[in-house]
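Handing you this structure, nothing more for now.
The values are calculated or read from the model by the stated rules, or taken from the named source; none is laboratory data. All values derive from a computational prediction rather than experimental measurement. We place every Cβ from the backbone using ideal geometry, glycine too, and count neighbours over all the protein chains shown. Ligands, DNA and RNA are excluded from the accessible area calculation, which covers all protein heavy atoms including side chains. Shrake-Rupley method; radii C 1.70, N 1.55, O 1.52, S 1.80 Å.
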Amino acid sequence: MKLILANPRGFCAGVNMAIESLEKALDMFGAPLYVYHEIVHNRPIVERFRARGVVFVDSISEVPTGATVLYSAHGVSPEIRDASKTRNLRAIDATCPLVTKVHLEAVRFARDGYTIVLIGHDGHDEVIGTMGEAPASMVLVEDEADVAALTLPADTKLAFLTQTTLSVDEARVVIEALRRKYPQIIGPHKDDICYATQNRQEAVRAIVPEVDVVLVLGSQNSSNSQRLAEIARATNRAAYLIDRAEELQDNWFQPTDTVLITAGASAPEDHVQDCVDRLKARFGATVEARTVREEHVSFPLPRELRVLTKV
Ligand code: SF4
């Protein structure tokens, strides 16, 4: 068996920043510390923090008055910020700057009188947060069928935005459908899909022709991890999305298989290494690291933590 480890894989700059923010906030304020939604969409990480006294909530009303709340990497709507203020919470905003960029585009387009078509997945934390910036001006589409069903008048002043973690290929199809139906539509140059999502997809696409099986480390509710598995399956490879090595099953593999291992942007590297160790022990696998693209992106900690650190 041969393992090919895709690079880049795993943590992106936004996830690194969000996790570091939570670590720092725990050091500074201690437990219990409240986080609105999962800090990142990864079960092992959420479980680790929960064991240290972090309380993950889906409603600001669950946070005691005056307590500290941290917003997850996926961002929040203005309604949530207002609810925090009303409860006199100390809010720390660990929203990824690339998500904030989409929020600001939504605000700008709405202010300029555009109706905004957001391409994204219904119910995803990021989509809920972005739509909350201009709820009266936004409609959500997930695919080409949703575009066909749009009943906006042909001459509507229109703009589009996208969720940051979509499949690059699928987003392109939806954008083309929008442009065909509403030629006047404007938007970002290509889409808002972030560098980390694009690079992890690019690496899978480049390596998958050489392999028999694909392992994606990541949680089921992680949009960018799901997209990596889908790209592999679209090439007729078996692809498994797992949180940890304990989920591996021997009958997924033949002893002579070449296996691509990658990880979504919120999946920790130790679980990748656990899989490598297990496949080495079970099948005598050899390992090759393959770099498709270098990444050198980092984001500063939230302003609230930087200010407090200086005091
Ligand atoms: S996946 Fe992209 S948008 Fe999401 S946190 Fe990472 S860098 Fe930010």
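Results for (1) modelled with pLDDT of 95 or more; (2) open to solvent by 40 Å² or more (accessible area, probe 1.4 Å), shown as yes or no for each residue.
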{"site": "Gly129", "(1), (2)": "yes, no"}
{"site": "Ala134", "(1), (2)": "yes, no"}
{"site": "Glu176", "(1), (2)": "yes, yes"}
{"site": "Gln184", "(1), (2)": "yes, yes"}
{"site": "Pro188", "(1), (2)": "no, no"}
{"site": "Arg205", "(1), (2)": "yes, yes"}
{"site": "Pro209", "(1), (2)": "yes, yes"}
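Sticking with this structure for a sec: Filtering the range 222-253 down to residues that are over 21 Å from the mean Cα position of the chain (by Cα) and not in a helix (DSSP H, G or I), which residue is farthest from His74 (Cα to Cα)?
Among those residues, the one meeting the criterion is Phe253.
Here's another thing I want to ask about it. Just give me the residues in the range 59-87 being of a type outside the set (Gly, Ala, Ser), under 29 Å from Gln226 (Cα atoms) and in contact with a strand residue (DSSP E or B) (Cβ under 8 Å, 6 or more places away or on another chain), in sequence order.
The answer is Ile60, Val69, Leu70, Tyr71, Val76, Ile80.
For the structure I just gave you, tell me whether Ile193 is closer than 28 Å to Cys12 by Cα, part of a loop (DSSP other than H, G, I, E, B) and of a type outside the set (Lys, Arg).
Yes.
Within the range 4-29, count every residue that is of a type outside the set (Lys, Arg) and either open to solvent by 30 Å² or more (accessible area, probe 1.4 Å) or modelled with pLDDT under 95 (or both).
8
Something else about it: Can you tell me how many residues within the range 88-117 are aliphatic (A, V, I, L, M), part of a strand (DSSP E or B) and farther than 12 Å from Phe160 by Cα?
2
Condition (residue is within 16 Å of the ligand (Cβ to nearest atom) and on the phi > 0 side of the Ramachandran plot) applied to the range 29-38: is it met by at least one residue?
yes
When you scan the range 152-160, do you find a residue that is of a type outside the set (Phe, Trp, Tyr), closer than 24 Å to Cys12 by Cβ and modelled with pLDDT of 95 or more, even just one?
No: zero hits.
Please tell me if Glu288 is open to solvent by 10 Å² or more (accessible area, probe 1.4 Å), assigned to a helix (DSSP H, G or I), of a type in the set (Asp, Glu) and more than 15 Å from the ligand (Cβ to nearest atom).
No; evaluated as a whole, the condition is false for this residue.
Which of the residues belonging to the range 91-111 are in contact (Cβ under 8 Å) with a residue 24 or more places away in the chain, open to solvent by 50 Å² or more (accessible area, probe 1.4 Å) and either away from the ligand (no atom under 16 Å from the Cβ) or small (Gly, Ala, Ser) (or both)?
Answer for the range 91-111, where residues must be in contact (Cβ under 8 Å) with a residue 24 or more places away in the chain, open to solvent by 50 Å² or more (accessible area, probe 1.4 Å) and either away from the ligand (no atom under 16 Å from the Cβ) or small (Gly, Ala, Ser) (or both): just Val107.
While we're here: Among the residues of the range 137-189, write down those that are free of Cβ contacts under 8 Å to residues at least 24 places away in the same chain and either among the aliphatic types (A, V, I, L, M) or within 16 Å of the ligand (Cβ to nearest atom) (or both).
Once the filter is applied, which keeps residues that are free of Cβ contacts under 8 Å to residues at least 24 places away in the same chain and either among the aliphatic types (A, V, I, L, M) or within 16 Å of the ligand (Cβ to nearest atom) (or both), the range 137-189 yields Leu140, Ala145, Ala149.
For the range 254-285, give me each residue that is of a type in the set (Val, Ile, Thr) and either in a loop (DSSP other than H, G, I, E, B) or away from the ligand (no atom under 16 Å from the Cβ) (or both).
Correct list: Thr256, Thr258, Val259, Ile261, Val272, Val276.
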